[in-house]
1. Spelling out what I want: for every residue of region 341-355, take phi, set θ = phi - 60°, compute 6.51 cos²θ - 1.76 cosθ + 1.60 (Karplus), and round to whole Hz; glycine and proline get x.
2. Just grab the label-to-label distance for VAL93 and HIS166, each label 7 Å out from Cα along the Cβ direction, in nm (one decimal).
3. Can you give the charge dipole size of region 156-305 about its Cα centre, rounded to the nearest 20 debye, using +1 on the beta carbon of Lys and Arg and -1 on the beta carbon of Asp and Glu?
4. List every residue whose amide H lies under 5 Å from the amide H of PHE333, counting only residues 5 or more places away in sequence or on a different chain, with H placed 1.01 Å from N in the peptide plane.
5. What is the gain in length, in nm to one decimal, between SER252 and PHE26 on full extension, counting 0.36 nm per residue of separation less the C-alpha to C-alpha distance?
6. Largest first and to the nearest Å, give the Cα extent of region 267-316 along each principal axis.
7. Antiparallel as a % of all DSSP beta bridges within the chain, to the nearest 5?
8. Over the alpha-carbon set of the chain, work out the extent along each principal axis and list the three values in angstrom, largest first.
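FYI, it's all coordinate maths here, none of it is from the lab. Just so it is clear, the model here is predicted, and its values are computed rather than measured. Here the Cβ is made from the backbone with ideal geometry for all residues, glycine too, and neighbour counts use every protein chain on show.
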Amino acid sequence: MKITSYTLHRLNIPLPLPIGDSQVRFDEHWLTVLELHCDNGTTGVGFGLQQGKPTCSLADLKMQFEYSCWNALKDQPPLHLAQRITRPRGGNVGGGYLILPVETALWDLVGKQLEMPLYRVFGGEHREVRAYGSTLDFRLSDEDFRKKLQRVSDCGFRAVKTKVGHTDIQWDLRRLAMVYDVMGKDIDLMVDANEAWSVKETLIRMNRYRDAGFEIFWIEDPITRGDYEGYARLCTELTFTRVNTGEYVGFSEKRQLLERGAVDVLNLHDAIHVTRAAAHLAADYGIPTSMGNTFLEIGVHLGASLPECLYMEFSDLAWNEIAQEPVEFRDGFALAPDRPGHGMELNQDKLTFYSKP
C-alpha cells in the first residue's frame, strides 16, 4: 500500500451564529481538506482549519503542498510515514511533511489498512468518551445563549463549558446563573476565560463565583499561556476547582507546565503524535487530560485511547456538515466510530457546495 496521488479542497463554511470568547469573534470557517490516494484504491482524509482570515487560493495551496510535502509522501507506505520521528531543530522547526492534515490522513490510511478504527489502533478498548457541551457564547445575546444551553441539555449533556472574562463581573455572574437556570445545578460546570485575566483577577473572580453559589469543575486558560509561575500559584491557591490549560501551547510548553506543577488538567488540542506524547508525559506526573475541539470531532479516537481523559469538548460546529456520518453523542458521551480509520467519510455534495477555490 503506497501513496500515489492527492486531492486538495479549499472550503468556506459560514457559521449560523458567531462564535468567540473574550478576545476574538469568528463568523466563518476556512478549511483545507486533503485526500491521500493509494495504489490499492484506499483514500485517507485529513483536515486543517484557519480562523480569522481566509486561506490562500487553491492554486497556492497546491503549490505549497507540492513544495513542502508531496516529495516526502509520494510512493511511500502510510504506516512508515505516520510513525517517523523527526527532530524540530534549527530550520526544521515548523517544517517537514507531517503537518496536521497530512498526519490525520496518514493515520486514516493506517486504520483502513489494518481494518480497525483508530481508537483501537491507538490501544483503546472502549469507544465511549465523556463529553461536555461547549457553548462558545461570548458573542451571543442572552436569548441565543439560552437557546444554545437548551440544545446542549436536550442532547443529554450533563456537563457544559461557558465563556467568562467580561470586563463586568456581573455579566459573568448573570451568564452562569442562566446555565443553572436552564440545565440545573446537578452538572459539571466549566468556565473558559481565554487568557483574559491576571493571577490576582483570577483569584478574585473564582472566589466571587464560589461565593455566588457556582461550583466550577475547572477554570480554563485564565491567564497568559507563558506565565508558568502564575499557573503554579493558581493550582496551589484554587483548592476548590481545577486549573485546565495547555490548549494554546506545544509539547515543550506542556512539559514545562507539568514540571512546574502549573496544571491540574492538561488540555490536549494538537496533532496525534504530540497529543499522545503529552498524555504519556502527563501520566508520569499523575495529571489527567482533556480533549479540546478537534475537526469533525476525530479527537474522540485519542480520548478513547487515553486512560485519564476526563472530558472531550463538543461545540456542535458547522464543519460536521461535510461528514457523511458525524461522530455520535449519546447521553453525555462521544462514541468513536467503529468504522476503519477515523471513520469520517466526506459528503461530496457538501464538499462541492462549500468549495471556494
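1. x, 7, x, 9, 7, 7, 7, 5, 5, 5, 4, 5, 4, 8, 5
2. Taking the two extended label points, one gets 4.0 nm.
3. On the way: 17 positive and 22 negative charges, 25 e Å.
The dipole of region 156-305 has a size of about 120 debye.
4. Answer set, sorted by chain and number: ALA131.
5. Full-extension gain reported as 78.5 nm.
6. The Cα atoms of region 267-316 stretch 32, 20, 15 Å along their principal axes.
7. On the way: 29 of 55 bridges.
Antiparallel: roughly 55 percent of the beta bridges in the chain.
8. Its Cα atoms span 63, 42, 38 Å along the three principal axes.
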